[in-house]
1. List pairs: first residue in region 68-89 and in contact (Cβ under 8 Å) with a residue 40 or more places away in the chain and over 23 Å from residue 50 (Cβ atoms), second residue surrounded by fewer than 17 Cβ atoms within 10 Å (Cβ to Cβ) and among the small types (Gly, Ala, Ser) anywhere in the structure, Cβ distance under 7 angstrom, at least six positions apart or on different chains.
2. Determine whether region 37-59 contains at least one residue that is surrounded by 12 or more Cβ atoms within 10 Å (Cβ to Cβ), in contact (Cβ under 8 Å) with a residue 40 or more places away in the chain, in a loop (DSSP other than H, G, I, E, B) and within 17 Å of the chain's Cα centre (by Cα).
3. Count, please, the residues in region 136-170 that happen to be in contact (Cβ under 8 Å) with a residue 24 or more places away in the chain, farther than 13 Å from residue 194 by Cα and either of a type in the set (D, E, K, R) or assigned to a helix (DSSP H, G or I) (or both).
4. Identify the residue in region 251-271 that is buried (at least 16 other Cβ atoms within 10 Å of the Cβ) and in contact (Cβ under 8 Å) with a residue 60 or more places away in the chain and, among all such residues, is farthest from the chain's Cα centre (by Cα).
5. Consider residue 218 carefully, then state whether it is of a type in the set (A, V, I, L, M), touching a residue at least 60 places away in the same chain (Cβ under 8 Å) and either surrounded by fewer than 16 Cβ atoms within 10 Å (Cβ to Cβ) or outside any loop (DSSP other than H, G, I, E, B) (or both).
6. Restricting to region 83-126, name every residue that is within 18 Å of residue 153 (Cβ to Cβ) and of a type in the set (D, E, K, R).
7. Suppose the filter is part of a loop (DSSP other than H, G, I, E, B) and in contact (Cβ under 8 Å) with a residue 12 or more places away in the chain; does residue 124 pass it?
8. Could you check, for region 100-107, whether at least one of its residues is among the hydrophobic types (A, V, I, L, M, F, W, C), part of a loop (DSSP other than H, G, I, E, B) and at negative phi?
Amino acid sequence: MKNYLRNLYSCAILISVSSSLYGQLTSLTDSLFYQSALVRDLSDSFKDSLKLNTPTISIDLNLAKQQHENYIALLEKLVLKVIRLEADPNHPDCNFIEDTAIIVDGIAVISRMGALERRGEEVPVAHALKELGIKDIIHLQPPGTMDGGDILYTGKHLFVGLSKRTNEYALNQLKEIFQDRTEVIGIPVTEGLHLKSVISFFDSKTLIVAATPAGMKIQSNIELSTNGDYMFVSVPESIASNVLRIGSSLIVQDGFPESETILQNLCNRKFVTLIKINMSELIKADGALTCGCLLFNQNDK
């Protein structure tokens, strides 16, 4: 009888723990589940895109298009609906749609991008967001400039990278827009293109950061600004620090084995599936994984 009761008690504990774990995982997955992704086709003029440095080997346009198609196909497996916008040959960077807008808590802020050559990319994006049913659409006003690649939203904080593309005027506008919704914090970006060139979102408590001087400086600033709210996982390569989290999957750059090992170990601990994708040609144009889409939660519509 005692053994029976002991076994029954053990089963009850196991069921309780399993239910709790399932609830945590379900809650986490739901919070990262996206109903829609807005993407834009890669332009025939992509080889003329803006670049911080001229690549040693020039961009292979056909391969770049194939890699972009692979990226979209992957999104279609992870997101309920993918909406594609046509490319614009007058805007070689137009496939990097992340920079054109941010969507936070049901509000879309349309960028006034820092590079003059890219202004105009946001017009069809704003139109598409309206057609998708987003009611609160706010256009950033001059002299503010903002690229979406400088914006990192964790659910608790909206980090705004103050870079060559995003300025204090934009930061102040974002503080006003989201004053009743989330804390907006400016983070200086002294090297590289964007904030998310060296740091990105894994989950609401975990950020992936490049183990470089630029990455460590940004990590330090975030730690000081948030009283240690986040755990940071460092990877050796900057490009590998930009990951794309969708539900229970993590998309990472293929070809960076040291970083991949670190990210795989993290995914194993967090019950997340790691998916590799090769984006070598887009990297040559300073493209990272988050750059190619705008993701919407159901609550954002």
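1. Hits for this filter: 78/247.
2. Step one: list which residues in region 37-59 are surrounded by 12 or more Cβ atoms within 10 Å (Cβ to Cβ), which gives 37-51, 55, 59.
Checking the rest, the ones that are also in contact (Cβ under 8 Å) with a residue 40 or more places away in the chain come to 37-51, 55, 59.
Adding the requirement that they be in a loop (DSSP other than H, G, I, E, B) leaves 41-45, 49-51, 55, 59.
Adding the requirement that they be within 17 Å of the chain's Cα centre (by Cα) leaves none.
No: zero hits.
3. 4
4. By that ranking, first place goes to 266.
5. Numbers: of a type in the set (A, V, I, L, M): yes; touching a residue at least 60 places away in the same chain (Cβ under 8 Å): no; either surrounded by fewer than 16 Cβ atoms within 10 Å (Cβ to Cβ) or outside any loop (DSSP other than H, G, I, E, B) (or both): yes.
Considered against the rule, which asks whether it is of a type in the set (A, V, I, L, M), touching a residue at least 60 places away in the same chain (Cβ under 8 Å) and either surrounded by fewer than 16 Cβ atoms within 10 Å (Cβ to Cβ) or outside any loop (DSSP other than H, G, I, E, B) (or both), residue 218 comes out as no.
6. 98, 99, 105 - these are the residues of region 83-126 that are within 18 Å of residue 153 (Cβ to Cβ) and of a type in the set (D, E, K, R).
7. Working: part of a loop (DSSP other than H, G, I, E, B): no; in contact (Cβ under 8 Å) with a residue 12 or more places away in the chain: yes.
No; evaluated as a whole, the condition is false for this residue.
8. Pass one, region 100-107, residues among the hydrophobic types (A, V, I, L, M, F, W, C): 101-104, 107.
From what's left, part of a loop (DSSP other than H, G, I, E, B): none.
Among the residues of region 100-107, not one is among the hydrophobic types (A, V, I, L, M, F, W, C), part of a loop (DSSP other than H, G, I, E, B) and at negative phi, which makes the answer no.
Readers should treat all values here as calculations from the given coordinates under stated rules, not as data from a laboratory. Model, not experiment: these values are computed from the prediction. Neighbour counts are summed over all protein chains in view; Cβ atoms, including those assigned to glycine, are modelled from backbone coordinates with ideal geometry.
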